[in-house]
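Q: I am attaching a structure below and will ask some questions about it afterwards.
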Amino acid sequence: MIHSTLIDADTLAAHLHDSRWVLLDCRFDLADAAAGEKAYAAGHIDGARYAHLDRDLAAAPTATSGRHPLPDPADFARRAGDWGIDAATQVVAYDQGNSFYAARAWWIFRWLGHERVAVLDGGLAAWIQSGRALSDTAPRVQPRGFIARPDPRRVAGVDEVIGNLHNDAVRLVDARSAERYAGGAESIDPISGHVPGAVNHHYGRNLDAAGLMRPVDVLRSEWTSTLGGVPAEQMIAMCGSGVSACVNLLAMEHAGIRGARLYPGSWSEWIRDPQRPVAKGSTP
């Protein structure tokens, strides 16, 4: 069986020592880039490799890019091979529990043509809540060959966003908090506000209080409302730097709503050019 969106702790435990399964610990803290790796060293799910947001799940930012550009496909393919992943590997990504970083890993693998990838529902918090132990031992890894096949249909660039600013047939959805979207306090980027015409759907709306994905029927209802009659194929997902938007894309695919694309540069790329318009307020 291929797991391509979510997996629960019980299912993962049943396959924990399966040689064709690879776990990626994606814990991270935007305010402390070393925190996730330190937490991994202190204790992780047995066998997991560590995937660092800045080093592994993104390329180095440039003067015109967002904070977390997509990794070069060839570079990521080498990294995935070093983790022991090939075309037959079931990948399971997890983070501290909000799917924020694990969903980014999930989306990258899907973008590069790998269907056998899922996010641990509820993350490490759910694993611990289930009463299962952690390990502080580094895994033995047998490198494999991973071939990256980027799918351009999953990505929207800044020029496409600009070209559709006044196109009601395209729905731009911002996953950041309502406060950041509206132009209130901005703790990460130097300019607050949103891309004109974008609607707000905070990534946290997909999760319950325990960090588990909400029921499929609830997700489908909320996303149908957010899309407002626009087909999913005409939706572009964004956030601050192309990370939390992946939670929205994961939730949509889990609910059977497929075809939406990611604008990887997102807000942090948009504001690099002062000529690009900025909107404020709680509505598009």
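The values are calculated or read from the model by the stated rules, or taken from the named source; none is laboratory data. None of the values given here were measured: they were computed from a predicted structure. For neighbour counting, all protein chains shown are included, and Cβ atoms are generated from backbone atoms with ideal geometry for every residue, glycine included.
Q: Of 171, 258, 205, 220, which residue is farther than 24 Å from residue 126 by Cβ, out of contact with any strand residue (DSSP E or B) (no Cβ under 6 Å at 6 or more places or on another chain), basic (Lys, Arg) and not assigned by TED's automatic domain parsing to the domain that holds residue 94?
A: 258
Q: Then there's this: Quick one: in segment 1-43, of everything that is over 16 Å from the mean Cα position of the chain (by Cα) and of a type in the set (Phe, Trp, Tyr), which residue is farthest from residue 93 (Cα to Cα)?
A: If we take residues in segment 1-43 being over 16 Å from the mean Cα position of the chain (by Cα) and of a type in the set (Phe, Trp, Tyr), then 40 is farthest from residue 93 (Cα to Cα).
Q: Within segment 115-152, count every residue that is crowded, with 21+ Cβ neighbours inside 10 Å and closer than 28 Å to residue 202 by Cβ.
A: The total comes to 9.
Q: Could you please tell me which pairs satisfy a Cβ distance under 6 Å, a separation of 6+ or placement on different chains, a first residue in segment 103-123 that is on the phi > 0 side of the Ramachandran plot, and a second residue that is crowded, with 23+ Cβ neighbours inside 10 Å?
A: Matching pairs, first to second residue: 123/94; 123/95.
Q: Go through segment 189-201 and give me each residue that's surrounded by fewer than 19 Cβ atoms within 10 Å (Cβ to Cβ) and over 18 Å from residue 273 (Cβ atoms).
A: Correct list: 199 only.
Q: Out of (1) crowded, with 16+ Cβ neighbours inside 10 Å; (2) of a type in the set (Gly, Ala, Ser); (3) in contact with a strand residue (DSSP E or B) (Cβ under 7 Å, 6 or more places away or on another chain); (4) without any contact (Cβ under 8 Å) to a residue 60 or more places away in the chain, what's the single condition that is false for residue 232?
A: Tallying (1) crowded, with 16+ Cβ neighbours inside 10 Å; (2) of a type in the set (Gly, Ala, Ser); (3) in contact with a strand residue (DSSP E or B) (Cβ under 7 Å, 6 or more places away or on another chain); (4) without any contact (Cβ under 8 Å) to a residue 60 or more places away in the chain, residue 232 fails exactly one: (3).
Q: While we're on this one: Which residues, counting only those in segment 72-95, are in a loop (DSSP other than H, G, I, E, B) and under 25 Å from residue 12 (Cβ atoms)?
A: 83, 84, 85, 86, 87, 88, 89, 95
Q: Same structure, new question: Can you go through 185, 169, 133, 118 and tell me which one is among the hydrophobic types (A, V, I, L, M, F, W, C) and outside any loop (DSSP other than H, G, I, E, B)?
A: 118
Q: For segment 13-27, what are the residues that are in a loop (DSSP other than H, G, I, E, B) and in contact with a Gly (Cβ under 8 Å, 6 or more places away or on another chain)?
A: Of everything in segment 13-27, those that are in a loop (DSSP other than H, G, I, E, B) and in contact with a Gly (Cβ under 8 Å, 6 or more places away or on another chain) turn out to be 16, 17, 26, 27.
Q: If the Cβ limit is 7 Å and pairs must be 6+ apart or interchain, which residue in segment 178-199 that is on the phi > 0 side of the Ramachandran plot pairs with which residue that is buried (at least 17 other Cβ atoms within 10 Å of the Cβ)?
A: Filtered contacts from segment 178-199: 183/192; 183/193; 197/172.
Q: Regarding residue 206, is this residue among the polar types (S, T, N, Q), touching a residue at least 40 places away in the same chain (Cβ under 8 Å), touching a Leu at 6+ places or on another chain (Cβ under 7 Å) and farther than 24 Å from residue 63 by Cβ?
A: yes
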